[in-house]
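Below is one structure; the comments refer to it alone.
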Amino acid sequence: MGKVKAAIIGSGNIGTDLMYKLQRSEFIELTAVLGIDPDSDGLKRAREAGYQTYSNGIKALAENPDLAEIVFDATSAKAHVRHAKILKDLGKMVIDLTPAAKGPFVCPPVNLGENLESENVNMITCGGQATIPIIYAINQVADVTYGEIVATISSLSAGPGTRANIDEFTVTTRKAIEKVGGADCGKAIILLNPADPPILMRDTIYCKVKNMNKEAIQKAIKDMVKKVQEYVPGYNLKQEPLFDSDQVTVFLEVTGAGDYFPSYAGNLDIMTAAAAKVAEDYARYKLEESLYGGIKKERAITNET
């Protein structure tokens, strides 16, 4: 079926980890990595891997629009506000890994299918990708009135982009807990833990529900964990869910694949794995549309003659 060309803007931790994941893609052909620091480790690794590299950021894509059809933005929320308009004018499909939220929130096991026609999709945050599927699952069977998440990540896995986006993280994740997860009201907290050795990513989810049905909730949670594990193998329940009156508490742990950072950086892994999943499904959708749309057109012409 071929592949769809893609480029990454941002050569930091997330962009570099994403680069390694896309190397294994069946439907994505990574062509270029764009950064602003010519000496960054990400651009160095991209050059060594044989990709085109540029150190003038999005300007390189504006000057070379045929580099890619899909563009991943792994910079910062403030930068993406500027990038979004340029990429829209260029007609690119954008997967935004910052908390800028210029496009619809997307969480693969929840609402990817309904957003395959969107021109700019937002991957929320690492905490959002880890916890919103669980809140959504609980809401389907128990009606979540309040959802709160606490995402704890290793300080070493938080690069400059993550640190610059702390405020946006809390706001964007809260909104997505409500809009995608389905909670009537949401709250999000992120903690950077300086422990040495570094801890794995851990997420705690608190949900207040209207319809407490322990068996239904447990099943919904475990079914959702399996769905997330299809693209994030290191995603696991830390222990069985806890039930207390109208409250459900879920503990998650995310072990990274170790593509760029060590396995403790599950926060990087779940973001980049989710973004790669979106890109692959989008590419498959476009390739099939092109293939089968062309076949239908040929048949229609044949029938007319």
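The values are calculated or read from the model by the stated rules, or taken from the named source; none is laboratory data. All figures in this text were calculated on a predicted structure; none of them were measured in a lab. Neighbour counts are summed over all protein chains in view; Cβ atoms, including those assigned to glycine, are modelled from backbone coordinates with ideal geometry. Side chains are part of the model used for accessible areas, which takes the heavy atoms of the whole protein and leaves out ligands, DNA and RNA. Shrake-Rupley method; radii C 1.70, N 1.55, O 1.52, S 1.80 Å.
Data table
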quantity: Condition check for Tyr264: open to solvent by less than 80 Å² (accessible area, probe 1.4 Å), touching a Pro at 6+ places or on another chain (Cβ under 8 Å), of a type in the set (Ser, Thr, Tyr) and closer than 19 Å to Lys277 by Cβ; calculated: no
quantity: Counted residues, region 242-285 - those being within 17 Å of Val150 (Cβ to Cβ), in contact (Cβ under 8 Å) with a residue 12 or more places away in the chain and of a type in the set (A, V, I, L, M, F, W, C); calculated: 6
quantity: Single match in Pro160, Pro133, Pro108, Pro104 (criterion: touching a residue at least 24 places away in the same chain (Cβ under 8 Å) and surrounded by fewer than 18 Cβ atoms within 10 Å (Cβ to Cβ)); calculated: Pro160
quantity: Those residues of region 199-217 which are open to solvent by 40 Å² or more (accessible area, probe 1.4 Å), touching a strand residue (DSSP E or B) at 6+ places or on another chain (Cβ under 9 Å) and of a type outside the set (D, E, K, R), in sequence order; calculated: Leu200, Tyr206, Met212
quantity: Leading residue by the ranking (most open to solvent (accessible area, probe 1.4 Å)) among those in region 39-60 that are more than 21 Å from Lys78 (Cα to Cα) and part of a loop (DSSP other than H, G, I, E, B); calculated: Asp39
quantity: Region 36-61 residues that are on the phi > 0 side of the Ramachandran plot and free of Cβ contacts under 8 Å to residues at least 60 places away in the same chain, paired with ones that are among the hydrophobic types (A, V, I, L, M, F, W, C) and buried (at least 19 other Cβ atoms within 10 Å of the Cβ) (beta carbon under 6 Å, 6 or more apart); calculated: Gly57/Leu34
quantity: Count of region 1-36 residues which are of a type in the set (Asp, Glu) and at pLDDT below 95; calculated: 1
quantity: Residues that are closer than 24 Å to Val209 by Cβ and assigned to a loop (DSSP other than H, G, I, E, B), drawn from region 169-199; calculated: Val180, Gly181, Gly182, Ala183, Asp184, Cys185
quantity: Subset of region 3-20 (residues that are surrounded by 22 or more Cβ atoms within 10 Å (Cβ to Cβ), assigned to a helix (DSSP H, G or I) and not aliphatic (A, V, I, L, M)); calculated: Asn13, Gly15, Thr16, Asp17
quantity: Unmet criterion (only one of (1) modelled with pLDDT of 95 or more; (2) under 30 Å from Ala68 (Cβ atoms); (3) out of contact with any strand residue (DSSP E or B) (no Cβ under 9 Å at 6 or more places or on another chain); (4) surrounded by fewer than 14 Cβ atoms within 10 Å (Cβ to Cβ)) for Glu289; calculated: (1)
quantity: Cross-chain or 6+ apart pairs with Cβ under 9 Å, region 219-239 first and under 17 Å from Met271 (Cβ atoms) and at pLDDT below 95, then in a helix (DSSP H, G or I) and open to solvent by 40 Å² or more (accessible area, probe 1.4 Å); calculated: none
quantity: Cross-chain or 6+ apart pairs with Cβ under 6 Å, region 198-218 first and closer than 20 Å to Gly256 by Cα, then outside any helix (DSSP H, G or I) and open to solvent by 30 Å² or more (accessible area, probe 1.4 Å); calculated: Pro198/Tyr264; Ile199/Asn193; Leu200/Glu253; Leu200/Thr255; Leu200/Tyr264; Arg202/Glu253; Thr204/Phe251
quantity: Which numbered condition Leu87 fails, given (1) crowded, with 19+ Cβ neighbours inside 10 Å; (2) modelled with pLDDT under 95; calculated: (2)
quantity: Breaking point among (1) within 15 Å of Ala130 (Cβ to Cβ); (2) open to solvent by 40 Å² or more (accessible area, probe 1.4 Å), for Ile149; calculated: (2)
quantity: Matching residues, region 200-237, being part of a loop (DSSP other than H, G, I, E, B) and aromatic (Phe, Trp, Tyr); calculated: Tyr231
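Here's the yes/no breakdown for (1) farther than 18 Å from Pro109 by Cβ; (2) outside any helix (DSSP H, G or I):
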site	(1), (2)
Gly127	no, no
Ala130	no, no
Pro133	no, no
Val141	no, no
Val150	yes, yes
Asp167	yes, no
